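Some notes on the structure that comes next.
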Amino acid sequence: MDEPFRIPPDEAGMRRADRHITRASLITLVLAAIAGLAAWLLLPEIFAFPVQTADRLAFALVATLPAFLSLAVATMMVSTARRYSARDIGGSAAGPPSTKLAIKVAFLQNTLEQTVLAAGFFMIYAAILDGSWLSLLPVAAGFFVIGRALFYRGYRQGVEGRALGMTLTMVPTILLALIACGAWLASLVSPAG
């Protein structure tokens with residue numbers, strides 16, 4: 001019998017998947033709002049965020065560390081699984097991955113995509129915003145790691161199993177991008193001061 005992640009959904013399955021994704025997105029938005037507000041209020045009281053652009057960019061770069069560590073773990077998972085599998089040791093050019101390796105490869109690919117987006121948007125965000133706004137970067141970084149763990153853990157259950165992990169990874173990054181875009185647009189229309 002095929003595993004849920006290998007079975008394409010029918011129309012009813014697509015509706016069910018959409019409900020899971022919507023629910024996961026709402027849960028993530030609520031958690032991100034609570035964590036973001038807490039960080040906004042508490043972190044500036046215990047931590048002096050950098051002011052100069054170069055220092056803010058350095059702060060954002062350090063905030064990408066959890067994403068890049070997640071990517072390193074995903075890469076090691078694939079390389080280790082290939083090393084001990086006669087079917088997979090030839091690499092991706094030798095043929096499709098075995099069932100044992102397929103989830104790890106999908107996790108690596110998705111983690112790479114999410115890491116690139118997070119790193120880029122973290123840097124853009126820090127280039128535009130300062131002060132308490134920077135408190136949202138460690139929140140997004142924490143959500144990234146938790147999201148990656150839940151995404152991998154739930155992958156075998158199909159979209160329902162990985163939805164919360166995906167939204168925990170992606171939504172905070174998107175929120176940072178939207179905030180940065182809003183701040184940038186506001187700076188374009190505000191009078192020079």
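The values are calculated or read from the model by the stated rules, or taken from the named source; none is laboratory data. Everything numeric here is computed off the predicted structure, so don't read it as measured data. Neighbour counts are summed over all protein chains in view; Cβ atoms, including those assigned to glycine, are modelled from backbone coordinates with ideal geometry.
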So Ala86, is it modelled with pLDDT under 90, outside any helix (DSSP H, G or I) and surrounded by fewer than 12 Cβ atoms within 10 Å (Cβ to Cβ): yes
Selection count, segment 134-154, where residues are farther than 12 Å from Thr169 by Cα and surrounded by fewer than 22 Cβ atoms within 10 Å (Cβ to Cβ): 4
Segment 122-133, residues that are assigned to a helix (DSSP H, G or I) and surrounded by fewer than 23 Cβ atoms within 10 Å (Cβ to Cβ): Met123, Ile124, Ala127, Ile128, Gly131, Ser132, Trp133
Long-range neighbours under 8 Å by Cβ, at least six apart or interchain, first residue outside any helix (DSSP H, G or I) within segment 151-174, second among the aliphatic types (A, V, I, L, M): Gly158/Ile7; Gly158/Ala17
Pairs, first surrounded by 11 or more Cβ atoms within 10 Å (Cβ to Cβ) in segment 4-20, second polar (S, T, N, Q) and modelled with pLDDT of 90 or more, C-beta under 8 Å, six or more apart: Pro4/Gln157; Phe5/Gln157
Counted residues, segment 91-121 - those being hydroxyl-bearing (Ser, Thr, Tyr), surrounded by 14 or more Cβ atoms within 10 Å (Cβ to Cβ) and over 15 Å from the mean Cα position of the chain (by Cα): 1
Selected residue (criterion: surrounded by the most Cβ atoms within 10 Å (Cβ to Cβ)) from residues of segment 48-75 that are farther than 19 Å from Ala118 by Cβ and without any contact (Cβ under 8 Å) to a residue 24 or more places away in the chain: Asp55
Test: residue in segment 36-52 that is of a type in the set (S, T, N, Q), assigned to a helix (DSSP H, G or I) and farther than 14 Å from Pro172 by Cβ: no
Any chance Pro44 is surrounded by fewer than 16 Cβ atoms within 10 Å (Cβ to Cβ), touching a residue at least 40 places away in the same chain (Cβ under 8 Å) and either acidic (Asp, Glu) or in contact with a Gly (Cβ under 8 Å, 6 or more places away or on another chain) (or both): yes
